[in-house]
Amino acid sequence: MTQKEISSAVIERLPRYYRYLDELREEGVERISSAELSRRMRVTASQIRQDLNHFGGFGQQGYGYNVESLYNEIGKILGLDRAQNMIIVGGGRLGQALANYVRFEKRGFRVIGVFDHNPNLVGMQVRQCVIQYVGHLADFLEKHDVEIAALTIPRDEAAEVAKLLVDHGIRAIWNFAHVDLNLLFPDDIVIENVHLSESLMKLSCKLNMERWQSEE
């Protein structure tokens with residue numbers, strides 16, 4: 001089954017299933033029904049079953065889901081059953097925050113390089129990495145096995161840097177630059193555009209809707 005056969009909505013829900021199952025493991029829960037998982041996640045039991053049926057189902061009628069087994073299977077679907085190297089281009093505050101986020105390592109993502117063109121940042125230690133000059137990026141990628149890159153750079157630099165990354169073996173870009181990169185590359189290059197301001201505006205919109213309802 002290819003990724004294109006699975007809707008983006010299902011893919012977006014998978015990390016949430018994984019997180020809740022991880023919490024259940026920590027609580028010592030061994031099995032759970034779709035109804036109970038539904039109550040915890042506020043997703044309908046029918047939706048949970050439909051989502052998981054895309055990948056084989058994993059549950060047994062009258063038994064529910066084995067939490068440990070389902071956690072591991074979803075981890076495999078998400079590609080978390082193997083370590084993955086990643087780099088960050090942009091060593092400013094956001095780039096440093098990403099490099100310092102320890103839960104990435106728990107999920108198997110290892111930040112092995114951080115790059116920037118600012119001489120005031122080059123040479124700074126960020127956890128296990130020393131920020132390197134962005135001009136060394138191509139050489140670094142030739143010498144290391146890296147498929148994932150995060151971009152935390154200004155929008156006017158993003159397209160050029162992204163092309164350099166793809167030309168040197170990067171296959172997935174986590175893009176925080178305020179520009180969508182999807183149309184610039186073929187379908188086999190995976191782009192995840194993250195617009196933090198849009199997320200905040202969605203929150204504001206929901207808050208406004210709650211206000212309007214309370215005033216009615």
Of everything in segment 155-193 that's within 14 Å of the chain's Cα centre (by Cα) and open to solvent by less than 30 Å² (accessible area, probe 1.4 Å), which residue is nearest to residue 95 (Cα to Cα)?
175
Within segment 198-212, is even one residue assigned to a loop (DSSP other than H, G, I, E, B) and open to solvent by 30 Å² or more (accessible area, probe 1.4 Å)?
no
Condition check: more than 17 Å from the chain's Cα centre (by Cα) and either basic (Lys, Arg) or surrounded by 14 or more Cβ atoms within 10 Å (Cβ to Cβ) (or both). Does residue 67 satisfy that?
yes
Within segment 96-141, which residues are closer than 26 Å to residue 78 by Cβ, open to solvent by less than 80 Å² (accessible area, probe 1.4 Å) and of a type in the set (Val, Ile, Thr)?
111, 112, 114, 126
Exactly one of these conditions fails for residue 88: (1) in contact with a Gly (Cβ under 6 Å, 6 or more places away or on another chain); (2) open to solvent by 20 Å² or more (accessible area, probe 1.4 Å); (3) modelled with pLDDT of 95 or more. Give me its number.
(2)
Here the residues within segment 1-35 that are over 24 Å from residue 187 (Cα atoms), assigned to a helix (DSSP H, G or I) and open to solvent by less than 60 Å² (accessible area, probe 1.4 Å) are 17, 18, 20, 21, 22, 24, 34, 35
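The values are calculated or read from the model by the stated rules, or taken from the named source; none is laboratory data. The shown structure was predicted, so the numbers you read here are calculated from the model rather than taken from an experiment. Counting neighbours? That spans all protein chains shown, and the Cβs are built from the backbone with ideal geometry, glycine included. Heads up: the accessible areas ignore ligands, DNA and RNA and are worked out on the full protein's heavy atoms, side chains in. Shrake-Rupley method; radii C 1.70, N 1.55, O 1.52, S 1.80 Å.
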